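Everything on this sheet refers to the single structure shown next.
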Amino acid sequence: MFETTLTDVIAVDTHNNTIHFYSAPSAGRRDNHIVVSYNCQAFTDEFYEKFDRILKAYQQRYPTTNANKVSLLLPDHLFLTDTIDIPAIGKRAMENSLELAISALYKNKADLKYSTYPMVQNKQYATYGMVGVRKDLITRVTDVCANNQINVQNITFAANAMVNGALTLNTKLKTGTFLLMNVQESKTRFAFVNKGRTVGAYDLPFGHAMLYKSRLAAEDLLFDHSSAELLVLNAKEKAKAKQLTMLGEEVLVDPDDERPEQEQPEQPDDPELDPTEGRKGGRKLPKFMLRPIPTEREGFIFENFRILERWALELIASNPAITAMGSIDTVYVNMPRSYDFLFDMVNAEEAENGVKFQSLMQGAANDGSAAGAKDLELFGGLYVKLFNKINNF
C-alpha cells in the first residue's frame, strides 16, 4: 500500500484562484498545507507563467519535497464524464461501435485524451463510462512542472480525488453507489459514485458559511449573477438606442431622455448580513411556499441546510443516465462534525424523499482522521493509485 501512496499533491483551485501544496500528514511537517494565490484567468499564457514562478518559489522554500511522487489535481470543469450506450454484439464490433459513438459525440476527439470502461450490459445494449481531458492542457501543465523538477505521476480532477479521500476514510464505501457531498466553508462539491467509481461531478459556490444561526439565507443571493445582470443591462441600453417603428413612423429614442427608474428604498444595515449577499434583497416568495420561520438556533441552521439538501435531491432526480446504472438512496456528507445534529432532522423526511443523508465518518474505521476529512480532496489526491485509477491521466 505504501508503495502506491503518493507523498505530495498540487491542486489548482479556480474557485478561489489559489494553488494548493499538500503533503501527507505523516511526512512530519507541521505546514503540510500551503496556499498561494494568483490573480489572472486560469490556464492562459499568463497563468502558466505565474504557475511556473509559484512552483519555483515553493521548491526553493521546501527543497526536501519528494518531487517524484506528486499528484496534480485540476478543476472538474476541465474534464468530461459521460455514459455511452451501444448495441450488445461481439466484443470487436462493440469496440468499433464505441469509437464511432465517441467520434459522433465529440468532434474534437483527436484533441482529447480519454479512457472508457464498461459499466453495465444486458442482451440488448452495453453502457460504457467515459472520462477525458484536452491533450494540450495535460501537456502544458506537466511541462511547467517538469521545468521545475517536479515529476507528476498522476493527474485527475478534484471530484475524483475527493471520492478517493472518502473511500480511504470509510473503506465500507469502496464498492458503493451513492452521492458524495463535501461541504466546505465557501463551496460544496458533489460527486456521483457508482460501485466505487467517480462518474460525475457538480459544485456550488457556497458552503457551510451560509448555515446562519439566526436568519434564513436567500438562495438566489448565494450565486453571483453579476455577469448575467450586466448582460441584461447592456441589452436594454442597446434596445433604447435603436430605432423603433410605431404606426409606420420611425421614432428615435434618446437613451438620456428616459424616465428615471423608480427609486428603491434604502435597505437598513444588517449586522449579520453576509458580504457575499450585498445589500440587495432576496427573491420574494408567496406565503403558501414559505415554511414557518424557526425560533431557535438549530432550526435556522436546518432550514439553511435544506438548500443543500434540495440541490442533492435535484441532482439525483436530474441524472437518470447515471442512476440507471444503480439507484442512489444515500447521500454521504462531509462537513464539520458540529453539524451532525442535522442528520436526524433531515432524515425525518426520508420516507418522502426516498434518500437518506448520512455523515461520511459515521461508522468509518478511521473516525479520527479529522485532518483528512477537512481537506478531503487534497487528502484523496494521495491515493489516486489505490482507487478510481480509470480517472487518472
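Can you run phi through the Karplus equation (6.51, -1.76, 1.60; θ = phi - 60°) for the stretch 46-63 and list ³J(HN,Hα) in whole Hz, with x for Gly and Pro?
Using θ = phi - 60°, the values come out as 4, 4, 5, 5, 6, 4, 4, 5, 5, 5, 4, 5, 5, 5, 5, 6, 10, x Hz.
What's the local net charge at V355, with K and R +1, D and E -1, over the other residues with C-beta under 10 Å away?
-4
Using modelled backbone amide H atoms (1.01 Å from N, in-plane), which distant-in-sequence or interchain residues come within less than 5 Å of L360's amide H?
Amide H neighbours of L360, under 5 Å, 5+ apart: V333, N334, M335.
Assuming a ≥ b ≥ c are the square roots of the Cα gyration tensor eigenvalues, decide whether the stretch 161-201 counts as rounded (a/c under 1.5), prolate (otherwise, with a/b larger than b/c) or oblate. Mind dumping the intermediate values first?
On the way: a/c = 2.48, a/b = 1.51, b/c = 1.64.
Here the stretch 161-201 falls in the oblate category.
Per Stokes-Einstein, at 20 °C and 1.002 mPa s, what whole-number D in µm² s⁻¹ belongs to the stretch 123-195, with the Kirkwood radius over Cα pairs as the hydrodynamic radius? Each step should come with its number before you reach the end.
On the way: Rh = 15.1 Å.
This corresponds to a translational diffusion coefficient of 142 µm²/s.
Counting only C-alpha contacts under 8 Å and six or more residues apart, can you give the relative contact order of the stretch 23-140 as a whole percent?
Normalised by residue count, the contact order of the stretch 23-140 is 22 percent.
Determine which lysines satisfy two conditions relative to K109: a Cα distance under 19 Å, and not lying fewer than 8 residues away in the same chain.
Answer for K109, where 19 Å is the Cα cut-off: K135, listed by chain and number.
Given a Förster distance of 35 Å, report the FRET efficiency between A317 and K135 from their Cβ-Cβ distance, rounded to the nearest 0.05. Can you show the working numbers first?
Details: r = 35 Å, r/R0 = 1.00.
That gives a FRET efficiency of 0.50.
Which ³J(HN,Hα) values, rounded to whole Hz and listed in residue order, are derived for the stretch 111-126 from phi using the Karplus coefficients 6.51, -1.76 and 1.60 in 6.51 cos²θ - 1.76 cosθ + 1.60 with θ = phi - 60°, glycine and proline given as x?
In residue order, the calculated couplings are 8, 9, 9, 9, 9, 10, 8, x, 10, 9, 8, 10, 6, 9, 8, 10 Hz.
About its Cα centre, how strong a charge dipole does the stretch 64-134 have in debye, to the nearest 20, once Lys and Arg get +1 and Asp and Glu get -1 at the Cβ?
My answer is approximately 180 debye.
Using the Cα gyration tensor of the stretch 109-157, with a ≥ b ≥ c the square roots of its eigenvalues, what is the shape: rounded (a/c below 1.5), prolate (a/b larger than b/c) or oblate (neither)?
Working: a/c = 6.24, a/b = 2.81, b/c = 2.22.
Prolate, since a/c reaches 1.5 and a/b exceeds b/c.
Where the eigenvalues come from the Cα gyration tensor of the stretch 44-139, what are the semi-axes √(5λ) of the equivalent ellipsoid, largest first, in whole Å? Spell out each step's value before the answer.
Working: eigenvalues 303, 47, 19 Å².
Semi-axes (√(5λ), whole Å): 39, 15, 10.
For an R0 of 25 angstrom, estimate the FRET efficiency from the Cβ-Cβ distance between K56 and S115 and round to the nearest 0.05.
Working: r = 32 Å, r/R0 = 1.29.
The computed FRET efficiency comes out at 0.20.
Diagonalise the Cα gyration tensor of the stretch 83-204 and give the resulting equivalent ellipsoid semi-axes, square root of 5 times each eigenvalue, largest first, whole Å. The partial results should precede the final answer.
On the way: eigenvalues 155, 107, 33 Å².
For the stretch 83-204, the semi-axes come out at 28, 23, 13 Å.
Local charge sum around F51 (other residues, Cβ-Cβ under 14 Å, Lys/Arg +1, Asp/Glu -1)? Working shown, then result.
Details: positive: K50, R53, K56, R140; negative: D13, D45, E46, E49, D52, D143.
The answer is -2.
Within the set of other residues whose C-beta is less than 12 Å from the C-beta of S115, count the net charge using Lys and Arg as +1 and Asp and Glu as -1. Display every interim value, and only then the final one.
Working: positive: K113, R197, K389; negative: D82.
Net charge in that neighbourhood comes out at +2.
Let me know the shape class of the stretch 295-385, please: from the alpha-carbon gyration tensor, a ≥ b ≥ c as square roots of the eigenvalues, rounded when a/c is under 1.5, otherwise prolate if a/b is greater than b/c, or oblate. Can you show the working numbers first?
Details: a/c = 2.01, a/b = 1.10, b/c = 1.82.
The shape class here is oblate.
So what are the ³J(HN,Hα) numbers for the stretch 75-81, from phi and the Karplus equation (6.51, -1.76, 1.60; θ = phi - 60°), rounded to whole Hz, Gly and Pro as x?
Those phi angles translate into x, 4, 5, 7, 10, 9, 10 Hz.
None of the figures in this text is laboratory data; all of them are computed from the coordinates on show. As the structure is a prediction and not an experimental result, all values here were calculated from the model. We place every Cβ from the backbone using ideal geometry, glycine too, and count neighbours over all the protein chains shown.
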